[in-house]
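The values are calculated or read from the model by the stated rules, or taken from the named source; none is laboratory data. These numbers were taken from a predicted model, which means no experiment stands behind them. No Cβ is skipped: glycine too gets one built from the backbone with ideal geometry, and neighbour counts run over all protein chains shown. For the accessible areas, the whole protein counts, side chains as well, though only heavy atoms, and no ligand, DNA or RNA atoms are used. Shrake-Rupley method; radii C 1.70, N 1.55, O 1.52, S 1.80 Å.
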Amino acid sequence: MATAGSGAQGRGRAEGGGAAVWLLALGQTLVYAGSYYAFPALLPDLEAATGWSKATLALGPSLAFLIMASLTVVTGRLVDRGFGGEMLVWGPVLASLGVAGMALAGSPAVWLAAWALVGVAQAGCLYETCFAFLTRRLGGGARAAITRVTLVAGFAGTLAFPLGHWVGERLGGLAVFVGVTLLAMPCNLWAVQSLRRRERAGVAPVPAPPGVLAVALRRPAFWALVACFGLIWLNHGVLITYVLELFADRGAGPAMAAACIGPSQVAGRLLFMLGEARVGNARAMLIALGGVVAASAVLWLAGLAPALVFGFALAQGAGAGLMSILRPVLIAEILGREGFGAISGAVAMSPILASAVAPALGAWMLVAGGPVAVYAACLAMALTGWTIAALLLRFRAGEERG
């Protein structure tokens, strides 16, 4: 006979998501490594193999991000209607087909078509859909689940960069990343089935009322979040896409320092978990954004001492890692959980569009002004994003006191 204590423990395990969340975390790691980080990890080899310019190659991920941005509200609404699991399961399959198309591309047109397929897939199976699915299924327990997912998925870059360095020289590069991406499908399938058993146990999620997105769009806080996240992801997208070239400009051996970014993301998230009882979400956001500001400054200064690239990797990784957790948490906290999928998808258009622009913008800055232009622009983006966040949080604190 079950006791009250055992029932509470069972509810706690259900709210946390259990092993299913860890499998979703593994799925996110694989799909990010295979379809997102494959491009920066293989960029020098892709240039050599195709003979195309950086700008031409960068059109691929830019197109994928544009398609993702155009679909995020749609996929968010699909999550609100109960189809998030299907997207998480079949998205990696579609993404792997796109990566296979990249490997076979003999012209820029085929390259772009393959990236378009990847963009459709990523709209349905990366963080936005995963976090909205967890928020819908777990409610108040979603923050812990999201933290676990990002803890593991922070190693996607750590997997992709060394793998890209090895297979780019020996095994043909992108073909290996096809398999990495496809492995996410069985992980997500088991996790989705497990989490959906909650509904059969009588813990079905509540449907979102109509009109919640329209209400959110009328709030200044919505647009402040859009601006802040867009600037920070533009900064991060430029730096991560061209991290190997920027490290080389600073006189550093790129492979080891680049591999620090993933573990730094994990370290930042672990520190957040350990200190979240003492550090609220608002303060954690300012700390995370401060890390991104410091990272851009340190990378610029690394010309004086190449070892500073490790400081950049630590600060950028920790700051961006925390922001990955805090973005859905702050959206839910500031804008509400009702209709979270659609609202989160609308906010996500900004960072996704920023990520779309980042490769092309970075390539243009490198051609027009060299690495110094990149360092200066990325520092300005980070400082502006921090300022917007500070003003938003100060205004919100004043409203709560009033």
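Skip the ligands, DNA and RNA, and give the accessible area per residue of region 317-402 with a 1.4 Å probe, whole Å². Let's see the in-between values first.
Working: 3250 Å² over 86 residues.
Per-residue value: 38 Å².
Under 1.5 on a/c is rounded, so check that first for region 8-134, then, if it is not, pick prolate when a/b is larger than b/c and oblate when it is not; a ≥ b ≥ c are the square roots of the alpha carbon gyration tensor eigenvalues.
prolate
Please report, as a whole percent, how much of the solvent-accessible surface of region 17-157 comes from carbon and sulfur atoms (probe radius 1.4 Å).
Working: 3110 of 4430 Å².
Using a 1.4 Å probe with all protein chains present, region 17-157 comes out at 70 percent carbon and sulfur.
With θ taken as phi - 60° and the Karplus curve 6.51 cos²θ - 1.76 cosθ + 1.60 applied, the whole-hertz 3J(HN,Hα) list for region 116-131 is 4, 5, 4, x, 4, 5, 5, 4, x, 9, 9, 3, 4, 5, 4, 5 Hz, x standing for glycine and proline.
Divide, for region 94-177, the radius of gyration over alpha carbons by 2.2 N^0.38 Å, where N is the residue count. Let's see the in-between values first.
On the way: Rg = 16.1 Å, N = 84, 2.2 N^0.38 = 11.8 Å.
Relative to the rule-of-thumb radius for its length, region 94-177 sits at 1.36.
Contour minus end-to-end for Ala19 and Trp90, with contour as 0.36 nm per residue of separation and end-to-end as the Cα-Cα distance? Write out the running numbers ahead of the final one.
Values: separation 71, 0.36 × 71 = 25.56 nm, distance 2.03 nm.
Residue separation times 0.36 nm, minus the Cα-Cα distance, leaves 23.5 nm.
Nothing charged except the Cβ atoms of Lys and Arg (+1) and of Asp and Glu (-1): what's the magnitude of the dipole of region 288-402 about its Cα centre? Round to the nearest 20 debye. Using only the charged Cβ atoms, the result is roughly 60 debye. Using the Karplus relation 6.51 cos²θ - 1.76 cosθ + 1.60 with θ = phi - 60°, the per-residue 3J(HN,Hα) values for region 365-371 come to 5, 5, 6, 7, x, x, x Hz, with x marking Gly and Pro. The packing ranking, built from the mean of other Cβ atoms within 10 Å per residue, places the peptides 321-332, 45-56 in the order 321-332, 45-56, highest first.
Ranked highest first by the average count of other Cβ atoms within 10 Å around their residues, in what order do 95-104, 340-349, 300-309, 282-291 fall? Each step should come with its number before you reach the end.
Details: 95-104: 21.4, 340-349: 25.8, 300-309: 16.3, 282-291: 19.9.
For the peptides 95-104, 340-349, 300-309, 282-291, the packing ranking is 340-349, 95-104, 282-291, 300-309.
Across bins of 10 angstrom width beginning at 0, how are the C-alpha pair distances of region 53-199 distributed, in whole percent? In order of increasing distance, the bins hold 11, 37, 35, 14, 3, 0 percent.
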